[in-house]
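The values are calculated or read from the model by the stated rules, or taken from the named source; none is laboratory data. Quick caveat, the model's predicted, so the values are computed rather than measured. Positions of Cβ are generated from backbone atoms using ideal geometry, with glycine treated the same way; all protein chains shown enter the neighbour counts. To get the accessible areas, we keep the full protein, side chains included, count just its heavy atoms, and leave off ligands, DNA and RNA. Shrake-Rupley method; radii C 1.70, N 1.55, O 1.52, S 1.80 Å.
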Amino acid sequence: LQTFRLKTLPLADVTQALRTIKLEDNMLASVPPALLTLHKLSELSLANNLISTLPSGLHKLKRLRKLDVSSNSLTALPPDIAKLEFLETLLLAKNRLARLGEEVLGLINLRVLSLQHNLLQDLPPDWTTLSLFELNLADNRLKAVPDSLHSMTSLRILNVENNRVQHLPASLSRCASLSSFSASNNIMAELDMTICRLEHVTALDLRYNQIRKMPQSMAGMKALISMDISYNQLEDTLQQGVCSVRPLRTLTMHHNFVTSLPPCIEGLEMLETLDAHDNRLCAIAVEIRYLSRLQVLNLSGNNLEQLP
């Protein structure tokens, strides 16, 4: 029943055995009451409609495991959503949520929470009740990341890009399972050293910030293979910390103010792609020739007169 431009849904005689209903891309202004009688429903998608409120009887769908109400006009969630004790995936992207209440924090079996493209300015401080695998907070108005996220030791993917975050909490290093972390397009000027203890992160995206210096040592990031620090304010010689990430295969650092690549660059022995275009490079250490796996090297838009 997707993309039928439905405004109402005649479900009076619908079978009670339904497990999945997908009603994306219609013109529903509210959740059809008949849906709340389908007690065996495990997946419900109402994405891309015109829904502004969720009904208070949503808790009747006791077996619901996935709820997708992204791309609607929601401004709040009903308190009884916390009673969906089997809910594992909650997709709320592209709505008009200006605050997140305690109701979501009551979903103890929730594993995936998507809140990107809303109007959130802050978040509840206590996330210790959740055990998320994936949390997407991108494209909001957040100024801070809750310190209590560290309690989610199973968190694997965290996205806070396109916000107004100035600092990352030191406790983030205790998210022992984190493998992908994106904080691009914020206003961070520095990184706490503890971020370098995220030993399972494979992809780190810090583009479009105001970072002037990277941590002195990032050797603790033992799984990091891709790092993007482009469009920042990195100055002078590329820091030793970046060169200490030995598993790194892709380093993207264009549009900064870096003037030289130091001898420690040879420590990136697994590097395959180095993109340093549009910096202020005028010197490159001869040790770059020892990067035997290097396949792509972009140094355009710099001040180089010769290569080593």
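Just a few scattered comments:
- Subset of region 274-290 (residues that are in contact with a helix residue (DSSP H, G or I) (Cβ under 6 Å, 6 or more places away or on another chain) and either closer than 15 Å to residue 237 by Cβ or in contact (Cβ under 8 Å) with a residue 60 or more places away in the chain (or both)): 285, 287, 288
- Residue that is modelled with the lowest pLDDT [pool: residues in region 188-233 that are charged (D, E, K, R) and not in a loop (DSSP other than H, G, I, E, B)]: 197
- For the condition free of Cβ contacts under 8 Å to residues at least 24 places away in the same chain and either open to solvent by less than 10 Å² (accessible area, probe 1.4 Å) or in contact with a Ser or Thr (Cβ under 6 Å, 6 or more places away or on another chain) (or both), residue 211 qualifies.
- Among (1) surrounded by fewer than 16 Cβ atoms within 10 Å (Cβ to Cβ); (2) more than 16 Å from the chain's Cα centre (by Cα); (3) not in a helix (DSSP H, G or I), the one test that residue 57 misses: (3)
- Qualifying residue in region 179-186 (condition: touching a Lys or Arg at 6+ places or on another chain (Cβ under 8 Å), at pLDDT 90 or above and either of a type outside the set (Ser, Thr, Tyr) or open to solvent by 50 Å² or more (accessible area, probe 1.4 Å) (or both)): yes
- Residue that is surrounded by the fewest Cβ atoms within 10 Å (Cβ to Cβ), among those in region 104-123 that are of a type outside the set (A, V, I, L, M) and in contact with a Lys or Arg (Cβ under 9 Å, 6 or more places away or on another chain): 109
- Members of region 128-139 found to be over 16 Å from residue 168 (Cα atoms) and either touching a residue at least 60 places away in the same chain (Cβ under 8 Å) or in a loop (DSSP other than H, G, I, E, B) (or both), listed by number: 128, 129, 130, 131, 132, 133, 139
- Flag if residue 307 is open to solvent by 30 Å² or more (accessible area, probe 1.4 Å), more than 30 Å from residue 147 (Cα to Cα) and not small (Gly, Ala, Ser): yes
- Pairs, first farther than 18 Å from residue 236 by Cβ in region 291-308, second in a loop (DSSP other than H, G, I, E, B) and open to solvent by 80 Å² or more (accessible area, probe 1.4 Å), C-beta under 9 Å, six or more apart: 291/269; 292/269; 293/249; 293/269; 305/282
- Considering region 82-103, and only residues there that are at pLDDT 95 or above and not in a loop (DSSP other than H, G, I, E, B), the residue that is least open to solvent (accessible area, probe 1.4 Å) turns out to be 90.
- Matching residues in region 25-44 - criterion: being closer than 17 Å to residue 77 by Cβ and touching a strand residue (DSSP E or B) at 6+ places or on another chain (Cβ under 8 Å): 35, 44
- Test result for residue 75, closer than 20 Å to residue 132 by Cα, among the hydroxyl-bearing types (Ser, Thr, Tyr) and surrounded by fewer than 19 Cβ atoms within 10 Å (Cβ to Cβ): no
- Residue check: residue 242 meets all listed conditions (1) closer than 29 Å to residue 171 by Cβ; (2) open to solvent by 30 Å² or more (accessible area, probe 1.4 Å) but one, namely (2).
- For region 11-52, taking the residues that are among the polar types (S, T, N, Q) and under 24 Å from residue 109 (Cβ atoms), the one that is least open to solvent (accessible area, probe 1.4 Å) is identified as 45.
- Residues in region 156-187 that are touching a helix residue (DSSP H, G or I) at 6+ places or on another chain (Cβ under 7 Å), in a loop (DSSP other than H, G, I, E, B) and more than 21 Å from residue 242 (Cβ to Cβ): 169, 175.
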